[in-house]
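Reading through the structure tokens given below for one structure.
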Amino acid sequence: MTSRAAGGPDDRSVLAAAAQALALVPDGARVGLGSGRAASRFIAELGARRREGLRVSGVPTSRAAADAAGRAGIPLIELGPGIRLDLTVDGADEVAPNLDLVKGWGGALVGERIVAASSQRLVILVGEEKLVQRLGERGRVPVEIIPLARWLVTRAIEALGLTPAVRMDGAGRQPLVTEHGNLILDCAPPEPLRDATAARALEQALLAITGVVDTGLFLGIADLVLVGHSDGRVDALGRMEE
């Protein structure tokens, strides 16, 4: 049943987490389909289960997720009146002990936010290398912005003490344009965020800047994080009370 697409050296950890997430998908479920390597592996495995008879439909968070769903044979639906997803399965770039997240290194943070908000439950799949004690340890917090506001937003973010850099495309010759026609500033904090209170204060300050569409700070919305290990073990982390 399990597909064996080629992957990186920690592919086994991602596969283990994806396999455990499959057990959370009931027959007839509507599932938000995340972006990134871990989510893509889950989509492939979900497609394998569908071919075995599981009834399921999905809402993708990005064109890449839609393409992965197409390859896996998962029918797609659109968000709209009366559509509530049973769960979304996605990845993350950082996971703090209280399950606060940094997302958006793959550039799909706005779609990921919308689909997660349309779901009853958000399940995150990561390898153990994504676990941090404090958000910002891995170096950057993405912020999606309106192109016209680039210089205004840049100055405001610098005034908050962060160092913003425009994300470039794969060739490195021009700014990356997101699927929603925006730019991404990768913002490096001077040090990891002190605690959950500091993360929320930063999120509020960033969202208050004219021209900011969204941030990669996904705070207090993950219900379950499945942490895969290279030996095939999976740790299930539930949200901690703050």
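What follows draws every value from the coordinates through simple rules; no lab data is involved. Quick caveat: nothing in here was measured; it's all calculated off a predicted structure. In this analysis, Cβ positions are derived from the backbone assuming ideal geometry, glycine residues included, and neighbour counts consider all displayed protein chains.
Compute the distance in nm between two label points, each set 7 Å from the Cα along the Cα-to-Cβ direction, one at Arg55 and one at Ser118.
Between Arg55 and Ser118, the simple spin-label model gives 2.1 nm.
Could you give P(r) for region 20-140, binned at 10 Å from zero, as whole percent values over all Cα-Cα pairs?
14, 47, 30, 8, 0
In a GNM of the chain with a 10 Å cut-off on Cα contacts, which of Thr215, Thr61, Thr163 has the highest mean-square fluctuation?
So, out of Thr215, Thr61, Thr163, the one fluctuating most is Thr163.
Step through the residues of region 128-144 one at a time and calculate ³J(HN,Hα) from phi using the Karplus curve (6.51 cos²θ - 1.76 cosθ + 1.60, θ = phi - 60°), rounding each to whole Hz and writing x for Gly and Pro.
With coefficients 6.51, -1.76 and 1.60, one gets 5, 5, 8, 7, 10, 7, 9, 4, x, 5, 8, x, 8, 10, x, 9, 8 Hz.
For the chain, what is the calculated [θ] at 222 nm in deg cm²/dmol (nearest 500), taking -39500 (n - 2.57) for each run of four or more DSSP H residues and dividing by its residue count?
One gets -8500 deg cm²/dmol as the mean residue ellipticity at 222 nm.
What base-10 log of the normalised intensity I(q)/I(0) is obtained for region 68-218 from the Debye formula, alpha carbons as equal point scatterers, at q = 0.12, 0.17, 0.19, 0.20 Å⁻¹?
For region 68-218 at q = 0.12, 0.17, 0.19, 0.20 Å⁻¹, log10 I(q)/I(0) is -0.54, -1.05, -1.24, -1.33.
Please give the length that would be gained between Thr163 and Asp235 if that part of the chain were fully extended, namely 0.36 nm times their separation in residues minus their C-alpha to C-alpha distance (nm, one decimal).
Gain on stretching Thr163 to Asp235: 22.5 nm.
Peptides 69-77, 96-104: what's the order by average Cβ count within 10 Å, highest mean first?
So the order, starting with the most tightly packed, is 96-104, 69-77.
In vacuum, with every alpha carbon of region 141-215 counted as one equal point scatterer, what does the Debye formula give for log10 I(q)/I(0) at q = 0.14, 0.15, 0.18, 0.20 Å⁻¹? Two decimals, please.
Result of the Debye calculation: -0.42, -0.48, -0.68, -0.82.
Assuming R0 = 51 Å, can you tell me the calculated FRET efficiency for the pair Arg173 and Ala198, based on Cβ-Cβ distance, to the nearest 0.05?
0.90
Full extension from Ala29 to Ile83: what is 0.36 nm times the residue separation minus their Cα-Cα distance, to one decimal in nm?
Value of the extension gain: 18.3 nm.
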